[in-house]
Each structure stands twice: as C-alpha cells, then as structure tokens.
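For reference, the structure is listed below as structure tokens.
The values are calculated or read from the model by the stated rules, or taken from the named source; none is laboratory data. Note that this is a predicted model, so its numbers are computed, not measured. So basically every Cβ, Gly included, is an ideal-geometry build from the backbone, and we count neighbours across all protein chains shown. Just the protein is used for accessible areas: all its heavy atoms, side chains included, with ligands, DNA and RNA removed. Shrake-Rupley method; radii C 1.70, N 1.55, O 1.52, S 1.80 Å.
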Amino acid sequence: MIKPLKLSVAITAILTISACSLMPDYQRPEPNIAIANQSVESSTDVAELGWKDFYLDPKLDQLISIALANNQDLRVSSLTVEQLREQFRIQKAAKLPTVNAEGSVTRQRTPESLTGTGRSGITDTYSVGLGVSAWELDFFGRIDSLSESALQQFLASKSSRDSMQLTLIAQVADAWFSWLASDAQHQLSSETREARAESYQLIEKRFKSGLASELDVRQAETALHEARVLEAQYQQQANQNFTNLQLLVGQSLDKDEWKKDWYEIKTLRDIPANLTSDVLLKRPDVMQAEYNIKSANADIGAARAAFFPRISLTTSLGFGGTSFGQLGEASSRQWSIAPQFTLPLLDWGVNQANLNVAELQKDINIAQYQQVIQEAFKEVRDEMEARYTLDAQLQAQNDLTASTKRSLELAQYRFNAGIDSYLDVLDAQRSSINSELNQIDTRLLRLRNQLTLYKALGGGLYEETPSPSPQQK
C-alpha cells in the first residue's frame, strides 16, 4: 500500500521533472534598417518622459486628463488588457493539479435473488477524500507553451493600449493648439475688418470733401469686403476645431474656460537633438509587434508538443466504510491512481498542419515587426529633419512680419501726407495681414512637429499597468 506521504512525494517529483519545453529559442529579429548608432546618445529617455513633463501648459494638461478618463475606445482597450490578463492566469493555472474535496453517500437495496442468503438487504456506503481529476503532466511543455503564448498576448494588448493612449494625447494637444491658432487668426482678421471699416468711412468722408477719388473709395470698400470674408472663414475654422476638441475630450466644453491667448501658451519641453535611434524599440507599437512574435514562437512549442504522448493523471485519497463512524478509522483508508496517455497515430496531417500554421504566423509577425520598425524610423527621421527647417522658417517669418508691419506704417503715413495713393496702403495691409496669419501657421507647425516627434519616440505614458512578475510566468 502506498502511504499518503509517499503519494504526495511522488506527485511533487512528477511536477519537478515535467515541462521539457519544445519552444524554439527566441532571438529578437534584426531590423532590416540600420537604426542603431545613428546619433550621439542622450541622457534623456523620451519613452520615460511623461506627458505632464512635456506639455507644460496647465489647461492642456487638464484637457488631456479629461480625454483619458472619457475616451471609450481607450476604456475598451484597457478592459481588453484586463481580460487577457485573466486568460493568462487561467492558462497558467492549468500547469498545476486541481484538487477537489469529494464525498458521497450511497444506499443500495440488493434483491433476494442476488444476496445468496435468500433475503434482500440494504447497504450504506460512505466515502470522503481528496481527488485530482485528469491532470495533464506537462512532460513536453505543451501547457507551458500555451501559458507563455497567453502571457505574450497580454503584454501585446497592453502595448496596444499604450499606443492608443499616446495617439489620443497627441490628438488632444494638436486639437487644442489648432483651435487656439484658428481663434487667433479669427481675432486678427476681425481686427483687420474693423480697421478697414474705419478706413472706408474716413476715405468716404474725404471723397465727399473732394480730397479723395471714387477709386479710393471703391478700393477701400473692396478691402473691407475681403476682410469680412476672411473673418467668416476663420470663424468657421475655429468653430470646427473646437468641435473636434470636444469630440476628443468626450464632453462639452466652455470656450471661455479653455481659451488662452495664442502668444501666452507655454512652450513644449524641448527634446534633445542627440538621440540614439534604438529608442524606437521602446515604442509601444514596436513592442506590441515583438510580443506578437514571442506569442507565435510559444505557439510553435505547443504545436510541436502535440506530436508526443499526452499523459494525464487521476488520483484520489480518502476514507470509505459502511457507516459514517468508520470514516476516521485507519483501516478505512482508500486510494486510487489512474495514469492515462494518448499518442496520436493517424491524424491525417492535422498536427503537421497546425505546426505549419504556427511557423507561418511567426514569419508573418516578423514581417509586420520589420514594417513597424521601418515606419517608426521614417516618422522619427522626418520629424527630426523638419525641426531644423521649421526653426529657420519661423525665425524668417517673424522677421518678415516685423518688416511688413513697418512697411504698413510707412505706407499709411505717406497716404495721409498725400504722397501715395490708397492702393499702396492696401498692398501693405495685405502683406502685413498675410504675414501675421502665416506666422501663426508656422508656429502651429513647429508645435505639431514637437508633439509628433515626442509621440514618435514613444513618450507620453501616464501610468503603467503591472505586468506579471517572473514568479508568475
């Protein structure tokens, strides 16, 4: 008879020797584009730079927080992460035996013809104990491979959620900047319309006094109508940008509460120019692609294990007797152990097809990983190169704006002195207003460049979802 202690020692020994993994050794694919050592290393890790440390304006920080709390797509993604976390826990638990408490009471009547004594009888049977039902011994690592695959799927879903979060943060910032820029342009066009209305009234009075021609009047009138059209266009654009901001934030907003002077916006934190391009490997979408490769790699191990015997064990240990009082007696101890194995002999190529599918899926995931790397590299390279040209463009635009303003002052002075016609004033006005409008557009492009580069380098996470510890794997 096997003692309970010996039985538990045997089960422990089985647990120790099980799980010989058939998973291929994982090696990170080499990117098919040289991304390492492209520049001097910087001490700043953009992936670790939280969005509150990058977006320095308090109003924008509040808007981003509201959007993160209200966005339903992000909520669905976060719930999916939690769902896959629980699925990983379920798959991980399959590696261990499920122990159940078992008990039964049976009352049976035996007819006279079967008792051998000529009299019928009633028999009671009691049993109680612990049992393990159909526990698979993972000798070839099938369950361990499935558990690893579930873990990598969970990590991939978390990276997908992080990538969605980075995109949402960048979209909210872009929408807020766009709204403020178009609102500033609307205000500028409104001021221009008011100034041209005053000029029109003044020139009309001079015409009535014989000091100006009708051509001057019509030119001033035309300029006024042009300003009215421009004002309406920027009003429409500002309204559309504000609607887009509300959509991203997920609630109605009070314009007066969130409006801010375009020139008083706090600048974004500057990103160092010297960055190693291997930081791309920390981007959530790149990490997601790599986790997908690891998941497919684990699936290959499970598919390989399907070619080998699957061994399961059913055991029970307890007490039995014909009366309830016998359940505690040593002589009433009972046990059973029933190992079982199945070996695929003829499956018409199903196992081989499953292995082929797993290997092909890994190749697909590797190709997708390379594609994500290429897109990430292009995005970062484009934004890094654009930052220098935008800086030069913004400086040139600032100089041009100052120059056109001075030209307008001189043209207005010469017209008032009767030296030049009003047409010269209109040309100077158009140059000045166009330069100021372009100045706002250029600054908006510079801000977009900064936030896009920040996102492209994987920066912007505001929280971390706990990952399974090594002990949980």
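What ³J(HN,Hα) values, in whole Hz, does the Karplus curve 6.51 cos²θ - 1.76 cosθ + 1.60 give for the range 365-370 when θ = phi - 60°, with x put for Gly and Pro?
5, 5, 4, 5, 4, 5
Please list the non-local residues whose amide H lies under 5 Å from the amide H of residue 136, H modeled 1.01 Å from N, same-chain partners needing a gap of 5 or more.
313
Among 367, 377, 388, which residue has its Cα furthest toward the positive end of the charge dipole of the range 354-401, with +1 on Lys/Arg Cβ and -1 on Asp/Glu Cβ?
Positive-end residue among those listed: 367.
Fully extended, how many nm does the chain gain between residue 263 and residue 243 (0.36 nm per residue separation, minus their Cα-Cα distance)?
Extra length from residue 263 to residue 243 when fully extended: 5.0 nm.
Summing Lys, Arg as +1 and Asp, Glu as -1, what charge do residues with Cβ under 15 Å from the Cβ of residue 193 carry, residue 193 excluded?
So the environment of residue 193 carries a net charge of -4.
Okay, which of the range 143-187 sit inside 15 Å, backbone N to the point 7 Å along the Cα-Cβ direction of residue 391?
none
Taking Cα centroids, how far is the range 393-409 from the range 154-231 in Å?
The two parts, judged by their Cα centres, are 18 Å apart.
What's the magnitude of the charge dipole for the range 174-308 around its Cα centre, counting Lys and Arg as +1 and Asp and Glu as -1 at the beta-carbon? Answer in Debye, nearest 20.
Using Cβ point charges on Lys, Arg, Asp and Glu, the range 174-308 gives about 260 debye.
Taking the dipole about the Cα centre of the range 213-309, with the C-beta of Lys and Arg at +1 and of Asp and Glu at -1, give me whichever of 300, 252, 215 is farthest to the positive side.
Positive-end residue among those listed: 300.
Which value, in Å², gives the accessible area per residue of the range 183-257 when a 1.4 Å probe is used on the protein heavy atoms?
60
Tell me, what % of the accessible area of the range 155-311 is carbon and sulfur with a 1.4 angstrom probe?
Within the range 155-311, the accessible surface is 48 percent carbon and sulfur.
Just to check, using Stokes-Einstein with a Kirkwood Rh over alpha carbon pairs, what's the diffusion coefficient of the range 332-446 at 25 °C and 0.890 mPa s in µm²/s?
For these conditions, the coefficient is 114 µm²/s.
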